[in-house]
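The values are calculated or read from the model by the stated rules, or taken from the named source; none is laboratory data. Because the structure is predicted, anything quoted here is derived from the model rather than measured. Every residue, glycine among them, receives a Cβ derived from its backbone with ideal geometry; neighbour counts consider all protein chains shown. Accessible surface areas use protein heavy atoms only, side chains included; no ligands, DNA or RNA. Shrake-Rupley method; radii C 1.70, N 1.55, O 1.52, S 1.80 Å.
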Amino acid sequence: MKSLPEYIVTDTDGLKACCEDVAASTEVGFDTEFVGEETYVPHLCLVQVATPNALYVLDPFDCGPLDEFWKLIADPARLVVVHAGREEVRICNGAIGRPPANLFDVQIAAGLIGLGYPLGYGPLVQSVLKKRLQKGETLTDWRRRPLSQEQLRYAFDDVRDLLAIWKRIDARLTKLNRSTWATDEFMSFVKRAMQDGGEVERWRKLKGVTNLDAQRLAVVREVYLWREEVAARRDRPARTVLRDDLIVEIAKRNPKASGDISTLRGLGLSLIHISEPTRLRRISYAVFCL
């Protein structure tokens, strides 16, 4: 494996050079670093890119809008290699309204050739390439600048071996006549990632809803939608607005007025907003329409 040049991209000229390299490549590996614990939508902090010619770390804080890059990633003419790329799919879709169209996830593919699933990136590199990967920045706050040399090394290492791993796993899939299996799994994975991003009724997956009747399920739906609206408006994690278990507990009480939930422990300031007449009318309307 040859050593590739590494570029830290912090301006529009560097981004243009990276995009030109990606546009000329039929296979590209990429990864992202983001922070999502304190916001409704994860904040993108870095994008790491591997082409057959070079490695790039894009700093979205400084290099400008990444729309052109995401369009290249979404182009079906280009194979995009990721590892456990759920968030990468969602970030691309959130940026330009469509996900990567030709995805190869090495974690999924590794399972199809018998290496185990889900296999972390470090163990996968060691298993396929017999190379030990240092993983020392897993809890880094990637929003902070300047980045240290250790952080940059970690970022480059996340994509350094992606294309080499893809080549070996893809060859093994072909030998086992499982390439079609892999393609089907990748398509299903992208679909699920999009659904997890809000295109299905996620409130149905809350713990405890399976035992609720239709009326109380309607309450779950309305309170859940309210929580998502507030969390998006405040750019805060949904759980900090209202916990999942409290949504189910509110539904069990089937509230018609604020007093119906005023004694619920843990509700706190959320009670003020849930008890707004408009919200309660929406909940009641949903209940009586069933």
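Of note:
- If you filter segment 1-30 down to residues that are in contact with a helix residue (DSSP H, G or I) (Cβ under 9 Å, 6 or more places away or on another chain), assigned to a helix (DSSP H, G or I) and open to solvent by less than 50 Å² (accessible area, probe 1.4 Å), you find that the one that is nearest to Lys130 (Cα to Cα) is Val22.
- Hits in segment 44-72 - residues which are surrounded by 16 or more Cβ atoms within 10 Å (Cβ to Cβ) and over 16 Å from Cys19 (Cα atoms): Leu44, Cys45
- Count - residues of segment 118-127 that are in a helix (DSSP H, G or I) and open to solvent by 50 Å² or more (accessible area, probe 1.4 Å): 2
- Under the condition of being out of contact with any Pro (no Cβ under 9 Å at 6 or more places or on another chain) and buried (at least 22 other Cβ atoms within 10 Å of the Cβ), the residues counted in segment 73-87 number 2.
- Unique match (being open to solvent by 60 Å² or more (accessible area, probe 1.4 Å), over 15 Å from Arg204 (Cα atoms) and at pLDDT below 80) among Arg282, Arg233, Arg253, Arg239: Arg282
- Any hit, segment 78-100, residues being more than 16 Å from the chain's Cα centre (by Cα) and under 30 Å from Asp13 (Cα atoms): yes
A quick yes/no check of all residues on (1) in contact with a Ser or Thr (Cβ under 8 Å, 6 or more places away or on another chain); (2) touching a residue at least 24 places away in the same chain (Cβ under 8 Å):
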position	(1), (2)
Leu133	no, yes
Gln149	no, no
Tyr154	yes, no
Asp157	no, yes
Arg178	no, yes
Ser188	no, no
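- Evaluation of Ala95 against (1) within 21 Å of Trp166 (Cα to Cα); (2) open to solvent by 30 Å² or more (accessible area, probe 1.4 Å); (3) touching a helix residue (DSSP H, G or I) at 6+ places or on another chain (Cβ under 9 Å); (4) among the small types (Gly, Ala, Ser) (one fails), failing number: (1)
- The residues listed here are Thr32, Thr10, Thr26; of these, the one that is hydroxyl-bearing (Ser, Thr, Tyr), closer than 18 Å to Gln151 by Cβ and touching a strand residue (DSSP E or B) at 6+ places or on another chain (Cβ under 7 Å) is Thr32.
- Scanning segment 135-169 for residues that are modelled with pLDDT of 90 or more, assigned to a loop (DSSP other than H, G, I, E, B) and either of a type in the set (Lys, Arg) or in contact with a helix residue (DSSP H, G or I) (Cβ under 7 Å, 6 or more places away or on another chain) (or both) yields one hit, Asp161.
- Test: residue in segment 194-209 that is within 25 Å of the chain's Cα centre (by Cα), of a type in the set (Val, Ile, Thr), outside any helix (DSSP H, G or I) and surrounded by 16 or more Cβ atoms within 10 Å (Cβ to Cβ): no
- Flag for Arg227 being closer than 21 Å to Thr39 by Cα, out of contact with any Lys or Arg (no Cβ under 8 Å at 6 or more places or on another chain) and crowded, with 19+ Cβ neighbours inside 10 Å: yes
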